[in-house]
Protein chains: 2
Amino acid sequence: MLQNYINMFKKREKISEIEEGKLLSPKFDNDGLIPVVTTCVKTKEVLMHGFMNVEALKLTIETKEAHYWSRSRKQMWHKGKTSGFVQKVEEIRIDDDQDSIWLTVNIGEGSSCHVGYRSCFYRSIPLGKIQNAREIRMNFEEKEKKFDPEKVYKGQPNPTKI
Amino acid sequence: MLQNYINMFKKREKISEIEEGKLLSPKFDNDGLIPVVTTCVKTKEVLMHGFMNVEALKLTIETKEAHYWSRSRKQMWHKGKTSGFVQKVEEIRIDDDQDSIWLTVNIGEGSSCHVGYRSCFYRSIPLGKIQNAREIRMNFEEKEKKFDPEKVYKGQPNPTKI
């Protein structure tokens, strides 16, 4: 069945077709995954980075709601199904060698981060000469959480792994 | 030496520290890589998706110019060294579980895509019910190339792999 899925899209045969052609011919890695970056249609910020398998990509195209493959839970992940923060897909793009995906989504006033922030990328790394790499102190770019994850995800395991 | 690099940053010990703390403690995958999304400070568009190893992340922080690990060439990749289209880093962010990086860069009037377009994501995938997944026709969102890759990368192998 996995093999059927992997063969779902056009077979990758010629580099010129992959780069300059019109036919969707995505490349999945050895784990059957393709990386995905998701940005907000309103603020243009990067909301999250995830992965899709063949089925998640198909579901996202057809339902116009973002689906990912959860590597930590090892299952299909219809984003927002638990929290209510569904991502309505406005556009899907693919890159030159067709091995990564860019989703533009509408989340309204919702959030994308399981920690409670709007974007998963709420911390910045200071630039310049590193004095001690084990003590690089980041800055919080979002000042407050948009929701309380303990209420929204009550009783569910944290997807973050050490 | 690789082990030294992997231990360069703060050790990942507690999920609460990784998610809510200030110390940079990035997670590299089994190949020693962390995915990176790069956006344009001016247009906010996603320019490219790549990967960094520990050394590329350190070089990017310290030099304020984007460095990636080229998986196809298996070597450090100072972006723009050949083409001249260096990416000046304006901001680096990391996500909640510290396993992906977001770079905001200034490329002036330059480009980021080895095929010649400004962004690597120059094609969009049509949304809705899929009739035949082997014939999904994409749309070109960039109408013309910004440079001629055959001149800029003369004699160099194409990094795209089947």
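The values are calculated or read from the model by the stated rules, or taken from the named source; none is laboratory data. All values derive from a computational prediction rather than experimental measurement. Here the Cβ positions follow ideal geometry from the backbone for every residue, glycine too, while neighbour counts run over all protein chains shown. Each accessible area value is taken on the protein alone, full model and side chains, heavy atoms only, with ligands, DNA and RNA left out. Shrake-Rupley method; radii C 1.70, N 1.55, O 1.52, S 1.80 Å.
Report the full-extension gain for the segment B:Asn7 to B:Lys44: residue separation times 0.36 nm, less the Cα-Cα distance, to one decimal in nm.
Computed gain between B:Asn7 and B:Lys44 is 10.0 nm.
Treating only the Cβ atoms of Lys and Arg (+1) and Asp and Glu (-1) as charged, compute the dipole magnitude of segment B:75-162 about its Cα centre; round to the nearest 20 debye.
520
Tell me what chain A gives for mean residue ellipticity at 222 nm when only DSSP H runs of n ≥ 4 count, each as -39,500 (n - 2.57), the sum divided by the residue total, rounded to 500 deg cm²/dmol.
It lands at -3500 deg cm²/dmol.
With a 1.4 Å probe on protein heavy atoms only, tell me which residues of segment A:98-115 lose at least 40 Å² of accessible surface in the complex relative to the chain by itself.
A:Trp102
For the residue pair A:Asn139 and A:Met76, what label-to-label distance in nm results when each label sits 7 Å from Cα along the Cα-to-beta-carbon direction?
Roughly 4.3 nm, to one decimal.
Taking C-beta distances below 4.7 angstrom as the pairing criterion, name the unpartnered cysteines of the protein assembly as shown, in sequence order.
A:Cys40, B:Cys40
What is the extension gain from A:Glu55 to A:Asp31, computed as 0.36 nm multiplied by their sequence separation minus the C-alpha to C-alpha distance, in nm to one decimal?
7.3 nm
What does the charge dipole of chain A about its Cα centre add up to, to the nearest 20 debye, if the Cβ of each Lys and Arg holds +1 and the Cβ of each Asp and Glu holds -1?
Using only the charged Cβ atoms, the result is roughly 580 debye.
Could you tell me what percent of the DSSP beta bridges with both partners in segment B:26-113 are antiparallel, to the nearest 5?
Of the beta bridges lying entirely in segment B:26-113, close to 75 percent run antiparallel.
Please report, largest first and rounded to whole Å, the three semi-axes of the ellipsoid equivalent to the protein assembly as shown, where each semi-axis is the square root of five times an eigenvalue of the C-alpha gyration tensor.
So the equivalent ellipsoid measures 29, 26, 18 Å along its semi-axes.
What span do the alpha-carbon atoms of segment B:1-156 cover on each of the three principal axes, reported in whole Å from largest to smallest?
47, 41, 29
Under unit Cβ charges (Lys, Arg +1; Asp, Glu -1), what dipole magnitude, rounded to 20 debye, does the protein assembly as shown have relative to its Cα centre?
It works out to roughly 180 debye.
Considering amide H positions built from the backbone, and no H for Pro or chain starts, which residues 5 or more places from B:Glu45, or on another chain, come under 5 Å of its amide H?
Here B:Cys40 satisfy the definition.
Going through the cross-link list A:Lys74/B:Lys74; A:Lys81/B:Lys14; A:Lys58/B:Lys151; A:Lys42/B:Lys154, which pairs have a Cα-Cα distance over 31 Å in this structure?
A:Lys58/B:Lys151; A:Lys42/B:Lys154
Going by alpha carbons, how many degrees (0 to 90, nearest 10) lie between the helix axis of A:54-63 and the longest principal axis of chain A?
Taking Cα atoms only, the helix is inclined about 80 degrees.
Quote the total accessible area buried by chains A and B together, excluding ligands, DNA and RNA, probe 1.4 Å, nearest 100 Å².
When A and B are taken together, about 6700 Å² of accessible area is lost.
How large a share of the accessible area of the protein assembly as shown, in percent, is made up of carbon and sulfur atoms when the probe is 1.4 Å and the other protein chains stay in place?
After summing per-atom areas, the C and S share lands at 47 percent.
Run through the DSSP bridge list for chain B and note the antiparallel percent, rounded to the nearest 5.
80
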